[in-house]
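Down below is the structure, laid out as structure tokens.
The values are calculated or read from the model by the stated rules, or taken from the named source; none is laboratory data. No experiment lies behind these values; they were computed from the predicted model shown. With ideal geometry, Cβ positions are generated from the backbone for all residues, glycine too; neighbour counts draw on all protein chains shown.
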């Protein structure tokens, strides 16, 4: 077991290293001179180009810049935005709770709906509840989240006037006010997740329901709901747990469009602004952070496997 | 509750029929910019703004007077197209959304007025020596910053070192030839310039140099000043939650009392919300999430026109879409190719593809037809759509044994057209491509880069045929002079075409305050640009502020001396000190 954990952690650090390197490389390969992008088309004071180039160490070789940046990054110093003058770490710190909340809410909503829908589909396999839920799943998988988001704005803000079309109220403004501004982005993101999760639960549950111990439970006269939720659901949730972990990690970086659509001040919102302004250090910082979170969450899921599945533990 | 009467004026006319005439129509010979006609004075207006549902053939009036009752109190929540990257005038580059916030915090020294000139705002007067190299400004007395510090001539002098070192300030200082600022007495400032610059008042109307800030506080904590800016303006910063909400509230000690004796501002507070998605920003307004919104997109204006329960103030000024050729690269170095390609630019179809039919008007120069700088001669020199003439020009180049692209006579011309990946721009690009390809003389390749890279390509001279936007609301020297300056010195000479005559005209125009002469000189430059086909145009860039019906004053603000301002120009910017809510 210790050997496996050591291997997983080693893999984590190797992946993080690769992620930082590739991110740095991709940003370096962006077309055009970042100095020209920062200065734009306006007049230029004498020496301003050299000053920016010097401030951003752009004249240093690529590997020197990378090692220097990485050395600072491991100490938590991701640099300071050249555009806003704010430390990148502060930007991430202030944006992360917003994105994490949206991601958590969407995952929570998706799981809360997907489990009963998936279980019902498996239990009523081939009958109308299964057919209806499968159709719903197809719809959910087919609609891009931003299209669903636009629909939600039209319905709940413009037509019904129940919820705001945009804006973000922080927790400090009150939980109800916060929920009013977070629910539509979360639901927009949850639709596809819900469809995916319910399909997964359904297929795993169908396999579980064919296991011998389920047949013996039925033979004992246990109720269907007891069998489904006490005996069948847990062994059917391993795949779900994996995909929930991956989805949560992916959502941290995948909320970009939804955050822009609903004007939610999260990591994605900042990332888009940084890309548009070629704010190199912010792009690098946020991208690496998102990638690192993704990798770390997956590693945690790997480790949890061993906790949940005795077969893996025994290996 | 105090009240006042507000003279409502339609400061920015839409002279639609006139523009149509200027763009090749044979229906009119009218010239000039004063096209107000008595028979049209009943045109419907909202808050003095242009009627939003006007058919393209209608001619609208330039001034309509109404009375409104201004009321104190209330909050405006406005959706902006993006967040301000910072609120330090000397340091942070400022675009339209940023100016919305900055104008609530800071006051300009000078301000643009309805006729295109500049009038004093925080300044009480501004005058120059004979050759426009020394400008003397007298400040308004008894003005204080939000922290209680007095605004004096020494303040302006102390700002200068920070402006010289600032990312935004240093560039503008360089461009305006400003070399020194000195306090002559308590309220008198002397600006020294290295070259004659008649347009210097325009510099004092913009953020980097013209928005006074507290230099001591700025020097003490530059980064902090961005989130807690201190100006002399009508509102004071309350909270700044970047990318989410910036809230300002009434400055109780604001110096500005209008000509009717009303202590400004009227509003209690303003909430600025960055909402980058155009559709969401409009939906937020329609649903009441916000009660005002700005947009620089024609598609949004079109949708807003169709929405109910909101009012629009539209403005189409001296900013036009179109493109340019890099004359450093063959075949764009040959005027026959440039002219041929430009004459295949079907403006009406391009505007339609851009979603601007009935909103955006065809343009022929950097200035719109309602600008005081627009000239009929330049319009006449513009190479309008003529497919057969264009083919003849391209064919002549193709058959030329000495053609500049090195290809054999008879071979098709290779052209690369690049635009940012905006859906409407792509549609417009495809319209142009279809016509070019339809000539069977041109191989067209289309490329798209994100906005930053697109600009970067132009700055670094790697562009070819390149979508671009031209013009600006300030003095014409701002967009024109860098465009005709030697390419080696000016990044904004995007076409890389050096013409000594155009350069001389621009320098002469910078050294005289004779309006007619300046207009003639800039007109000659526009004619030359059109004759050389360095650029092509689609239509003017329409902008708007849409708002709930009860909000007034966006379009009717005045300078301290009562002179009518420029409405929401430029770029749908609000001056908040005279905005009020009636309902």
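For the stretch A:23-31, does any single residue satisfy the condition of being at the interface with chain B (Cβ under 10 Å from one of its Cβ atoms), out of contact with any strand residue (DSSP E or B) (no Cβ under 6 Å at 6 or more places or on another chain) and over 19 Å from residue B:171 (Cβ atoms)?
Within the stretch A:23-31, one or more residues are at the interface with chain B (Cβ under 10 Å from one of its Cβ atoms), out of contact with any strand residue (DSSP E or B) (no Cβ under 6 Å at 6 or more places or on another chain) and over 19 Å from residue B:171 (Cβ atoms).
As an exercise: evaluate residue A:80 against (1) buried (at least 16 other Cβ atoms within 10 Å of the Cβ); (2) within 8 Å of chain B (Cβ to nearest Cβ) and give the number of the one condition it does not meet.
(2)
Quick one: in the stretch B:481-518, of everything that is within 14 Å of chain A (Cβ to nearest Cβ), out of contact with any helix residue (DSSP H, G or I) (no Cβ under 6 Å at 6 or more places or on another chain) and not in a loop (DSSP other than H, G, I, E, B), which residue is nearest to residue B:369 (Cα to Cα)?
The residue in question is B:483.
Within the stretch B:301-325, which residues are within 14 Å of another protein chain (Cβ to nearest Cβ) and touching a residue at least 24 places away in the same chain (Cβ under 8 Å)?
Across the stretch B:301-325, the qualifying residues are B:303, B:304, B:307, B:309, B:310, B:319, B:324.
More than 11 Å from every other protein chain (Cβ to nearest Cβ), over 20 Å from residue B:97 (Cβ atoms) and in contact (Cβ under 8 Å) with a residue 12 or more places away in the chain - does that describe any residue in the stretch B:273-288?
no
So that you can scan it fast, the table gives a plain yes or no per residue for (1) at pLDDT 85 or above; (2) over 30 Å from residue A:5 (Cβ atoms):
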position: A:205; (1), (2): yes, yes
position: A:219; (1), (2): yes, yes
position: A:227; (1), (2): yes, yes
position: A:286; (1), (2): yes, no
position: A:294; (1), (2): yes, no
position: A:305; (1), (2): no, no
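Identify, from the list B:178, B:87, the residue that is within 14 Å of another protein chain (Cβ to nearest Cβ) and closer than 30 Å to residue A:164 by Cα.
Unique residue meeting the criteria: B:87.
Looking at (1) in contact (Cβ under 8 Å) with a residue 12 or more places away in the chain; (2) within 14 Å of another protein chain (Cβ to nearest Cβ); (3) surrounded by 20 or more Cβ atoms within 10 Å (Cβ to Cβ), which is the only condition residue A:294 fails?
Every condition holds for residue A:294 apart from (2).
Taking the stretch A:168-211, which residues are surrounded by 24 or more Cβ atoms within 10 Å (Cβ to Cβ) and touching a strand residue (DSSP E or B) at 6+ places or on another chain (Cβ under 9 Å)?
Passing the criteria: only A:168.
Can you tell me which residues in the stretch B:108-121 are within 21 Å of residue B:193 (Cα to Cα), in contact with a strand residue (DSSP E or B) (Cβ under 7 Å, 6 or more places away or on another chain) and assigned to a loop (DSSP other than H, G, I, E, B)?
Matches in the stretch B:108-121: B:109 only.
When the stretch A:71-90 is examined, which residues are found to be touching a helix residue (DSSP H, G or I) at 6+ places or on another chain (Cβ under 6 Å) and part of a helix (DSSP H, G or I)?
A:88
In the stretch B:268-293, how many are out of contact with any helix residue (DSSP H, G or I) (no Cβ under 6 Å at 6 or more places or on another chain), surrounded by 22 or more Cβ atoms within 10 Å (Cβ to Cβ) and part of a loop (DSSP other than H, G, I, E, B)?
Residues that pass the stated criteria total 2.
Looking for something within 12 Å of another protein chain (Cβ to nearest Cβ) and in contact (Cβ under 8 Å) with a residue 24 or more places away in the chain - is there at least one such residue anywhere in the stretch A:51-69?
Among the residues of the stretch A:51-69, at least one is within 12 Å of another protein chain (Cβ to nearest Cβ) and in contact (Cβ under 8 Å) with a residue 24 or more places away in the chain, which makes the answer yes.
Scan the stretch B:432-477 residue by residue and report those that are part of a helix (DSSP H, G or I), away from every other protein chain (no Cβ under 14 Å) and surrounded by 19 or more Cβ atoms within 10 Å (Cβ to Cβ).
B:432, B:435, B:436 - these are the residues of the stretch B:432-477 that are part of a helix (DSSP H, G or I), away from every other protein chain (no Cβ under 14 Å) and surrounded by 19 or more Cβ atoms within 10 Å (Cβ to Cβ).
Taking the stretch B:241-267, which residues are without any contact (Cβ under 8 Å) to a residue 24 or more places away in the chain and assigned to a strand (DSSP E or B)?
If the condition is that a residue be without any contact (Cβ under 8 Å) to a residue 24 or more places away in the chain and assigned to a strand (DSSP E or B), then B:241, B:249, B:250, B:257 are the ones that fit.
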